[in-house]
1. Classify region 4-111 as rounded, prolate or oblate from the Cα gyration tensor: take a ≥ b ≥ c as the square roots of its eigenvalues, call it rounded if a/c is under 1.5, otherwise prolate when a/b beats b/c and oblate if not.
2. Which GluC sites (Glu not before Pro) from region 79-163 combine a DSSP loop assignment with at most 12 other Cβ atoms within 10 Å?
3. By DSSP, what percent of the beta bridges with both residues in the chain are antiparallel, rounded to the nearest 5?
4. Restricting to DSSP loop positions (anything but H, G, I, E, B) with no more than 11 other Cβ atoms inside 10 Å of their own Cβ, which trypsin sites (Lys or Arg not before Pro) remain in region 179-229?
5. Which of the residue pairs 88/171; 171/261; 109/281; 96/281; 71/96 have a Cα-Cα distance greater than 32 Å in the structure shown?
6. Name the residue, out of 125, 274, 150, whose mean-square fluctuation peaks in a Gaussian network model built on the chain with Cα pairs under 10 Å.
7. Counting pairs of alpha carbon atoms under 8 Å apart in space and at least six apart in sequence, what relative contact order in percent does the chain give?
8. Work out how much length residue 77 to residue 186 would gain on full extension: take 0.36 nm times their residue separation and subtract the Cα-Cα distance, in nm to one decimal.
Amino acid sequence: MTAFVAINDGSFAPPPAGASDGAILSGLLASYRHLKNSITQIDHDQLVVATQEGIFAAHLPGGTTVSAALKAMSSRDVAAQLRQLLSKAKPFDLEKGEIAGVEAVRFGKVLFNQRFVAGIQAAYSVNGSSLSCGINDWNQHLRVTVRDASGAEASELIANVWQEDLDLYNKQTLQSSEVRVLPDYEDPGHHNYKGPNYQPGKSHIPSNALRILSAALPENRTTWWACCEHRFFHRYAGREVNEWPLVHWNGTTNPDATGNKNAVRTTVELVPISIRRILEKFPVDNCGCKEL
Ligand SMILES: [Zn+2]
């Protein structure tokens, strides 16, 4: 399934004093990255961005075109990433908010603060999220009015991404498109042999446990697995907190790991075979495995 995120052209609002058009675009990229990083790397290709047609020629509030603002950016890396993001995006038209080549799944005219915004219409039509410029004070949900063909109006919510935190509604909206949204992560220290909470006999947590989790797949809501460059599988386990899974690093299939010298071992056979085959194609480098 595809998860759509439509760039909210209504968020190209005047930036705070002193901020530039470049800052607007940087905020957009930052918001997009947070959204993408909330999904397992294995599903990144399923996240599709939509933006208004002719985006490079569109004017930003400071008066420059997107194209000129990209050229003027001090960070070439940020500019290159934005160029790539916008070039690959599917265009929607500014009159109806219809995404080229994509069929709508929800119908009705969407009004936000009594006005039509093509990007918000596009997000609603494909059951996707809106992506707004991070420097503006947009909310994580947009409360909109949807008017159907008969003229009847209903109030609805659209998930909106504009800052570093994605809330439960943002994540559930992504999840409804069947992309696998990562669990939240914590490190209680039970596997950190240098820390005060270490529980003797437990395997040593890799120094980049959170990085390894970025390419994980779920066995169930609160048990996730990932594969590292050493072809060890790493288990993350936890519990539901506020309706979302919160996991910690919980073991490795490295046969030399401390925990695997005990009676209760973490073995490859514990990883469901269907997951194992996919994970092996997405090994995470720079894992920081200990005990090698
Ligand atoms: Zn490793």
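No value in this document is a laboratory result; all are computed from the given coordinates. Here the structure is a predicted model, which means the values were calculated and not measured. Positions of Cβ are backbone-derived with ideal geometry, glycine not excepted, and every protein chain shown enters the neighbour counts.
1. Because a/c hits 1.5 or more and a/b fails to exceed b/c, region 4-111 counts as oblate.
2. Loop-located and lightly packed - 95, 103.
3. Given both bridge residues lie in the chain, the antiparallel proportion sits at roughly 65 percent.
4. 194
5. Table pairs above 32 Å Cα-Cα are 171/261; 109/281; 96/281.
6. Per the Cα network of the chain with a 10 Å cutoff, 150 tops the list.
7. It rounds to 18 percent for the chain.
8. So the extension gain works out to 36.2 nm.
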